[in-house]
Amino acid sequence: MIFFSAFIFSGLVCAIAQMILDNTNLTPGHVTSLFTVLGAILSFLGLYEKLIDFAGAGATVLISNFGHMLYQGGLIGLNESGLIGCFTHLLTKASAAIVSAVVFSAILSFIFKPKD
Amino acid sequence: MNKDEYKKLVKSLTPKENKVKNTLLAFLSGGIVGVLGELEIYILMNFCGVSRTEAFIWLCISLIFIGCFLTSLGFFDNLVTKFKAGLIIPTTGFAHSISSSALDYKKDGLITGLGANFFKLAGSVILYGILSAFLLLMIRMVIECLV
C-alpha cells in the first residue's frame, strides 16, 4: 500500500505549500527554502527516515529530501572524523541533485532557445 | 482618495483565485508526482536489479532531468499555472529555477550572463540547505560531547 501513502504524503505537503502561497506574501522561493530547512530539521530529529519508510518515494520526490540528504551526508562525516568530516562530507549525498541540475540545465540551455 | 479607500479599490480589482480549488489541485498533482516516483522505484528495484538507495538517487536525477527538459521546451510555466505547488515543491521546482535562469540570461554572454545568474533563484535553496544542515550538525556534535 506504499503507493497510496506516497500519494497522500506528497499530496498533503504540496497542498500545505499551496495554502502558504495563497494566504501569505511568500514567493515560491521562500517556500522551497523553508521546506529544505524543514527537511534538514526533520532529519536531525530522526523523523525523515521514518517518513521515507512510511511514504517511500512520496517523501523523496520533495525538495525537503535535499535538506535530508545534506544532513545525512554530513552525519557520515561527523561519525567518521568529527568536525573536519562535516566540512568534507556535507555535500556527498546531495551531490547527485546539484551535479545533475547543473549539467542538465547547462547543456539544455545551450541547445534550446528561451520561449516567451 | 485616502489610503483606506485606495486599499479597498485595489482589493476589489485584484482577481480572486479560488483557494480551495488551488489546494485540491496541488494535492492531486503533488500526489501524482509521488505515485509516479514510487512506480519508478518499483520498476528499478524489481526489473533492473537496482538497490533501494540507488533507486532513490536515480529517481532524484530523473526528476531533475524532467524539470530541466520541460523548462527548456517552455512547457513548465504553463503546467505550474495549471497544477500550482504540486510541481514547485517536488525536486522539479529546483531544476526549473536553475534551468529557467540559465535560459533567460544566456543572451548576456557565457560568463556575465549564464555564469553569473546560474544560481540566481536556486541559490537560496542551496545556501539555506547547507547552512541549516551544518548548524544542526554542530548542535548534534555539542549534544554528543555533553552526553
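Couple of notes before you dig in:
- Qualifying GluC sites (Glu not before Pro) in region B:1-110, DSSP loop, other Cβ atoms within 10 Å at most 12: B:GLU17
- Note on chain B: GNM, Cα springs under 10 Å; of B:ILE111, B:ILE66, B:ILE98, the largest mean-square fluctuation is that of B:ILE111.
- Under the membrane-span-like helix rule (DSSP H runs whose alpha carbons stretch at least 20 Å along the helix axis, mean Kyte-Doolittle hydropathy 1.6 or higher), chain B yields B:52-73, B:123-146.
- Just checking the listed ones, A:VAL37, A:VAL102, A:VAL61: in the Gaussian network model of chain A with Cα springs under 10 Å, the one fluctuating most is A:VAL102.
- Which listed pairs, of B:LYS21/B:LYS82; A:LYS113/B:LYS107; A:LYS115/B:LYS106; B:LYS21/B:LYS84; B:LYS84/B:LYS107, have C-alpha distances above 18 Å, in listed order: B:LYS84/B:LYS107
- Computed P(r) (all Cα pairs; chain A; 10 Å bins; percent): 13, 33, 33, 18, 3, 0
- Bridging of A:LYS93 to lysines at a Cα separation below 20 Å is possible for A:LYS50, once same-chain residues fewer than 8 apart are set aside.
- Of the trypsin sites (Lys or Arg not before Pro) in region B:13-122, those whose Cβ has at most 12 other Cβ within 10 Å and which sit in DSSP loop: B:LYS16
- Per residue of A:88-101, other chain Cβ atoms within 10 Å of the residue Cβ number 5 on average.
- Diffusion of region B:19-122 by Stokes-Einstein, at 10 °C in a medium of 1.306 mPa s and with Rh set to the Kirkwood radius over alpha-carbon pairs, works out to 106 µm²/s.
- Inter-part distance, region B:80-147 to region A:40-116, computed on C-alpha centroids, equals 11 Å.
- Relative intensity, log₁₀ I(q)/I(0), of the protein assembly as shown from a Debye sum that treats every alpha carbon as a point, q = 0.15 Å⁻¹: -1.10
- Here A:ASP22, B:ASP4, B:ASP108 are placed in order of increasing Cβ neighbour count within 10 Å, fewest first, which gives B:ASP4, B:ASP108, A:ASP22.
- Rounded to the nearest 20 debye, the dipole size of the protein assembly as shown about its Cα centre is 760 debye, using +1 on the Cβ of Lys and Arg and -1 on the Cβ of Asp and Glu.
All of the numbers you see were taken from the coordinates with simple rules; none came from a lab. All figures in this text were calculated on a predicted structure; none of them were measured in a lab. Every residue, glycine as well, gets a Cβ built from its backbone with ideal geometry; the counts of neighbours run over all protein chains shown.
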